[in-house]
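Take a look at the structure set out below.
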Amino acid sequence: MASLITCPHCGQRPKEEFAIKGAALARPAPDAPQGEWYDYVFLRTNPRGRYEEYWHHVSGCRRWLVVTRDTASHAVEDCRDAAERAPT
Amino acid sequence: MTSYRLNQGGLVDRATTLDFTFDGRSFTGHAGDTLASALLANGQRLVGRSFKYHRPRGILTAGAAEPNALMTIGSGGRTEPNTRATMQELYAGLEAVSQNRWPSLDRDVGALNSLLSPFLGAGFYYKTFMWPAAFWEKLYEPFIRKAAGLGRATYEADPDAYEKVWAHCDLLVVGSGPAGLSSALTAGRAGLRVILADEHHALGGSLLSETAVIDGVSAPEFSARCVEELRSLPNVRLLPRTTVLGWFDSNVFGALERVQKHVAVPAANRPVERFWRIAAKHAILATGAEERPLVFGGNDTPGVMTATAMRSYLNRFGVAPGKKVAIFTTNNSGYALGSDLESAGVALTAIIDSRADGPAYSGQARIIRNAVVTDAFGGKSLTSIRIKHDGRFETMDVDALGMSGGFSPVIHLALHRGGKAQWSDERAAFLAPDDLKGIALAGSVTGAGNIAESVAQGSTQAAGLASMMGKSAAAMSASVEGEMENRPSRPLWFIPDVIGKAFVDFQNDVHRADLKLAAQEGYGHVELAKRYTTNGMATDQGKLSNVNAIGLLAQARGLSPAEVGTTTFRPFYTPVSFGALSGASKGKHFQPVRKSPLHDWAAKHGAVFVDTGLWYRSAWFPREGETAWRESVDREVLNVRSNAGLCDVSMLGKIEITGRDATTFVDRVYANGFAKLPVGKARYGLMLREDGMIYDDGTTSRLGENRYYMTTTTAYAAPVMSHLEFCAQALWPELDVRLASVTDQWAQMAIAGPKARTILQGIVDEDISEAAFGFLAAREVSLFGGKLTGMLFRISFSGELAYEIAVPAGYGESVADALMALGEPHGICAYGVEALGVMRVEKGFITHSEINGTVTPADVGLGKMVSRTKQDFIGKQMLSREGLSHPSRLRLAGVMPLDPAHTFKGGAHILSKGAEATLENDQGYVTSYAWSPTLQSPIALALIVNGPDRHGEEVVVWNGLLNEFTPARICDPVFFDPANEKLHA
Amino acid sequence: MPDLIHRPALTKEPLVGERIRLAPMPEGTLLEVRGPQAELPALEAAADAAGLVIRTNGPDQWFAISGQPMLRLDLPDIFSVTDQSHGRVRIAMEGAAVDDVLAKGMAVDLFDFKIGAATTALIGHITTHIARLDRDRFELTVLRSFAESLWHDLETMSAEFLDR
Ligand SMILES: [Zn+2]
């Protein structure tokens, strides 16, 4: 985990200001097969390396962010507003 | 007592004499002394007993790595054990006490452990205390606990203040020796924001102990000039007494400043310690190098010291190490010491050099090359050493011995983020890896051998960073005279013909034979050897011992130190007090308190408050003559049910939802339908998680076409707000919806009971009769003849005719006062969260006791609420999983004891009548329990296998903790007024 | 009809030191405004006309502030306005040591925090909106229920600079 995160709106902030939800997965369509929903709700990869997560700048701008970070080196590659993220 | 203080020299202020005590005896020292230098000046050599063998120990170093001179400083709540005397500044009135000895330092019973040493070798914990198993708890552990351990913590509260602080800089320089000063100056002159931190109270590092001449002035004078210039630069912050002790992600460094650890009574308005978090764009580590001891017999005898330490006491503190000194060295460090000792007039008997080719030496002392010290003797104070040279042994009477096994660069910080140390044969040392990002190294931490090289390195590194940041910097150089060139040592791990115990880790009493044994017994891997022998596991974390241990393991296993490798370096570099880690977060600052706008109102009505998360909630309002809390609660419940009551519900989460798509949004976040909720109406809403379990509940009112007022439970106010923001921003950014937390804007109170309407009508301007303001009406209302606007909701959590009214928080107390005054003739009372809880259990309403993450709407009897027609809502897809409608699921039911005199507790389990208390027989558990004054019986809500179909069945409520079996009956969870007649009264 | 008394959340005497001064501010008008960033000029014009000052509070969100109570801000539907006049409490903080005091609780680098800048950040454990009004002058805005706790924390943080 990084000590400082650069929020696209607020700049560099300490991790204490954020809450982490977990994997930044795209929510399936309402009519998607149940298997797809099952994977979305329950299945997580646990990679050593690049990982996209939802972080919430709770004690700042209160925007949800997608943080791309390396779980081994803790380096943050990217941090962007969740609303701007193209669904993957 | 002999004085070892020299008549002149050093940086102590001989005009200022400071009194202090050690083990109750009075001593004096000078301003500028450390406790260690003052003790040495007084001839106090024996300063502690070792951890395991209780061997007499003396001061070994002059810095942070000190393993022996650990003392308890201060008294009462300010007692601080394991303080390194080498780091403790002397102050008038300092009280120091030695540790790990009984009854006294001089006569110590634990020293008998030395006689048991054959049984206390490597792995002795694992070998000795294994059997019989029963002995562990009764005999072995208490014995180990008593015998082991360093200082004792005090049981008194620490009276002092601590704080944490953030700092930001372009460049953090760690260490203020020649490389640190040149880095800071170069960067500071270039206009960078610089922080220079050093763990000692005086800045200058090794320069303070140096006799070389730099740019025509003495080394301390050179350093003082640099510091003075740094102090004059507004963009430079100097942090003396500050240990940088961790390098963390994002180039954040942790540092501990000892603000007032050098005064007898700290000023109350300032912290004693300050924990810095320094966000540095770059850092230069100019942390220097630690001199290694040599591993010969009796190398722990008081009077044996590292050569650098001896030189520091001599040059910086004006303290002679002894009357007759010898030096055992593997490198030129010993010659620098020798020359300084002779200049100061201290008798130097010999320099014993393990090499054949030491430097030329112009002093009087005898130089013995190709020689080693095999043993030192003297017990509590060194008396003689045994030397081997030219194939023979020679004994020499000396009272002090300086030793130098070479230098280990202090690379700890550079390795805190996972880097691995690299062994360099050329430098005979472990060096930091060269692919570090965010930090650079300069000075002897890189293996640099002299002052000029260090100054140049520091300046070059800083100038490079400055130009990277677009600033131009002038490089700095220094001309140095009279310095002993320090070529790398030739490592000397194993000294032959040793008689006594040769210590590797002084603090944990690990000696050479322990490491050999570890290797023999298959624990030669560096990480295993550490655990097996405890080498490097003491509070000094092996600063002096690790490299020697690695060298010896390498030798024992026939490998090179590079192949053995190091153990992992982790923060903190030196121990940190808990006080500093918690900072100001103690007492009332431990966590924030949230106060309701009706707090003072509740307090004046005598409320007893209870912590609910961060909130203080009024729990009940005792009246005169009421002795037990339940008396008050029972009265409040009965009064609400027969008259009326007022309860503060301001801490419920309140969220205003607006925007063109507000309706769509609300409809999607609740499981039940909201699209058709008319303006002016409230609806109970059930929020699910994506896995179909209930997340939270509350009422949401439609105050306008695109304006909703949502309430959440108190506990989930913050999580629900975050969840809604997630839905709005991450899931459905295409919806036009805005969320605002208005929890703090409104004072909200529940007015419940048959008289509620009459009382409330007294302040509400509009008609609130049943016809005009029926059940679930929700509207903005005018109050007090138009003086105030509030929001009124006809909702009930008690089953009574009830309202919740929200008014701007600043007027909350006034409105509550008015309602209480108007209600007085009607018998209104204030009621708290306990009475509220009893009434909701009586009505079978759920809270987070029931919504515990495992229940679906159907489990709590709300399955019919869930929309069948909505295309999407949070939780819809997973809720349709087959297992979630299985009849064997735990579902909500009521439980009452057969005999109202019997009680049980929340969390108790339900067993079928006659069934044994086994896991297989478990039928569910009690979620909420209350005494119902209305029914005059205990009542409970429970989640029970197939609960709704078992009303009337006799069961047993089993409390496994108290082993109580209470006969009870399953019943409808709505205990009171199931037809809701009172609600609509 | 009973008298309606407005009770401020913070009834504290100002804290005074040579290099730091703290004082609760009058609870006037504080509106939380949300809307598209592009429409900010319209918002500023309307606020100006209403006697309110606009401070940024993150993307697409602002505070409209005045020491006067009960001010209204009429805006087109594209904006949402939520009255937080009672839900937020403002504290004035000024003096030469103000940066040093704030650094004890907050990780924002005030060196780069220009006059006129505003943001929300953690001070200790409490989320606080801070605005720099001048080199040595800040205004802190905090949830009403946290106001007393924040005040206590600020008092502790300021202790070394206070006249006691
Ligand atoms: Zn942010």
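What follows is calculated from the coordinates using simple rules that are stated; it is not laboratory data. Predicted model, so just to flag it, every value in this text is computed and none were measured. Here Cβ is always computed from backbone atoms with ideal geometry, including for glycine, and neighbour counts include all displayed protein chains.
Projected onto the charge dipole of the protein assembly as shown (+1 at Lys/Arg Cβ, -1 at Asp/Glu Cβ, origin at the Cα centre), which of B:PHE976, C:ALA42, B:LEU6 gives the Cα projection farthest towards the positive end? Comparing the listed Cα positions along the dipole, B:LEU6 ranks first. Angle of helix C:40-50 to the longest C-alpha principal axis of chain C, folded into 0 to 90 degrees and rounded to 10: 80°. Measuring between their Cα centroids, segment B:649-687 and segment B:427-441 lie 59 Å from each other. Within segment C:126-164, find all residues whose amide N lies under 20 Å from a label point positioned 7 Å from the Cα of C:ILE115 along Cα-to-beta-carbon. Zone members listed by number: C:130-140. For B:PHE609, the amide hydrogen comes within under 5 Å of the amide hydrogens of B:ALA619, counting only partners 5 or more places away or on other chains and with H modelled in the peptide plane. Helix B:333-343 and the longest principal axis of the Cα set of chain B meet at an angle near 60°. State which stretch of chain B is the longest one without any exposed GluC sites (Glu not before Pro), exposure meaning a DSSP loop state and at most 11 other Cβ atoms within 10 Å. Counting at most 11 other Cβ atoms within 10 Å as exposed, the longest clean stretch of chain B is B:157-425.
Relative to one another, the C-alpha centroids of segment B:336-359 and segment B:950-985 are positioned 90 Å apart. Say the cut-off is 32 Å between C-alpha atoms; which of B:LYS420/C:LYS104; A:LYS21/B:LYS595; B:LYS437/B:LYS501; B:LYS138/B:LYS905; B:LYS52/B:LYS437; A:LYS21/B:LYS905 go over it? Result: B:LYS420/C:LYS104; B:LYS437/B:LYS501; B:LYS138/B:LYS905; B:LYS52/B:LYS437; A:LYS21/B:LYS905 exceed 32 Å. The Rg/Rh ratio of chain B, with Rg taken over Cα atoms and Rh as the Kirkwood radius over Cα pairs, comes to 1.12.
In the protein assembly as shown, helical runs assigned H by DSSP with n ≥ 4 each contribute -39500 (n - 2.57); averaged across all residues and rounded to the nearest 500, the mean residue ellipticity at 222 nm is -5500 deg cm²/dmol. A simple charge model with +1 on the Cβ of Lys and Arg, -1 on the Cβ of Asp and Glu and nothing else charged puts the dipole of the protein assembly as shown at about 2060 debye relative to its Cα centre. Neighbour counting of Cβ atoms within 10 Å sorts the residues B:MET484, B:MET468, fewest neighbours leading, into B:MET468, B:MET484.
The modelled label-to-label distance between B:ASP435 and B:THR789, using points 7 Å beyond Cα along the C-beta direction, is 6.5 nm. Rounded to the nearest whole Hz, the Karplus-based 3J(HN,Hα) values (6.51 cos²θ - 1.76 cosθ + 1.60, θ = phi - 60°) of segment B:70-76 follow the sequence 9, 9, 9, 10, x, 9, x, with x at glycine and proline. For the set A:LYS15/B:LYS586; B:LYS380/B:LYS516; B:LYS654/B:LYS870; B:LYS281/B:LYS586; B:LYS870/B:LYS982; B:LYS604/B:LYS982, the pairs lying more than 29 angstrom apart at their alpha carbons are B:LYS281/B:LYS586; B:LYS870/B:LYS982; B:LYS604/B:LYS982. Couplings 3J(HN,Hα) for segment C:56-71, derived from phi with the Karplus relation 6.51 cos²θ - 1.76 cosθ + 1.60 (θ = phi - 60°), are 6, 9, x, x, 6, 9, 9, 10, 10, 10, 7, x, 7, x, 6, 6 Hz, where x marks Gly and Pro.
Between segment C:1-76 and segment B:14-53, the alpha-carbon centres lie 61 Å apart. Overall size of the protein assembly as shown from C-alpha positions, given as principal axis extents largest first: 114, 78, 64 Å.
Listed by chain and number, the aspartates and glutamates placed with their C-alpha closer than 20 angstrom to that of B:LYS913 are B:ASP899, B:ASP922, B:ASP949, B:GLU953, B:GLU954, B:GLU964, B:ASP972; residues fewer than eight positions away on the same chain are left out.
For segment B:571-587, backbone phi angles converted through the Karplus equation (6.51, -1.76, 1.60; θ = phi - 60°) give residue-by-residue couplings of x, 9, 4, 10, x, 10, 6, 4, x, 5, 5, 8, x, 7, 7, 9, x Hz, Gly and Pro being listed as x. Antiparallel beta bridges, as assigned by DSSP with both residues in chain B, represent about 75 percent of the total such bridges. Over all orientations, segment B:770-858 has a Cα convex hull whose mean projected area works out to 8.1 square nanometres. Note down the net charge around B:LEU6, summing +1 for each Lys or Arg and -1 for each Asp or Glu among other residues with Cβ under 14 Å from its Cβ. With Lys, Arg at +1 and Asp, Glu at -1, the net is +2. Using alpha carbons only, the radius of gyration of segment B:644-830 set against its Kirkwood radius gives Rg/Rh = 0.98. Summing +1 for each Lys or Arg and -1 for each Asp or Glu among the other residues whose beta-carbon sits under 15 angstrom from that of B:GLY76 gives -3.
For helix C:147-158, report the angle its Cα long axis makes with the longest principal axis of the Cα atoms of chain C; keep it between 0 and 90° and round to the nearest 10°. Long axis of C:147-158 versus the principal axis of chain C: about 40 degrees. Contact order, relative form, for chain B: 9 percent (alpha carbon pairs under 8 Å, 6 or more residues apart, mean separation divided by residue count). Among the chymotrypsin sites (Phe, Trp or Tyr not before Pro) found in segment B:511-610, those both in a DSSP coil and sparsely packed, with 12 or fewer other Cβ atoms within 10 Å of their Cβ, are B:PHE590. Local charge for C:ARG135 was computed over the other residues whose Cβ lies under 10 Å away, with Lys and Arg +1 and Asp and Glu -1, and equals -1. Once the chain from B:ALA356 to B:HIS848 is taken as fully extended at 0.36 nm per residue, the excess over their C-alpha distance is 169.1 nm.
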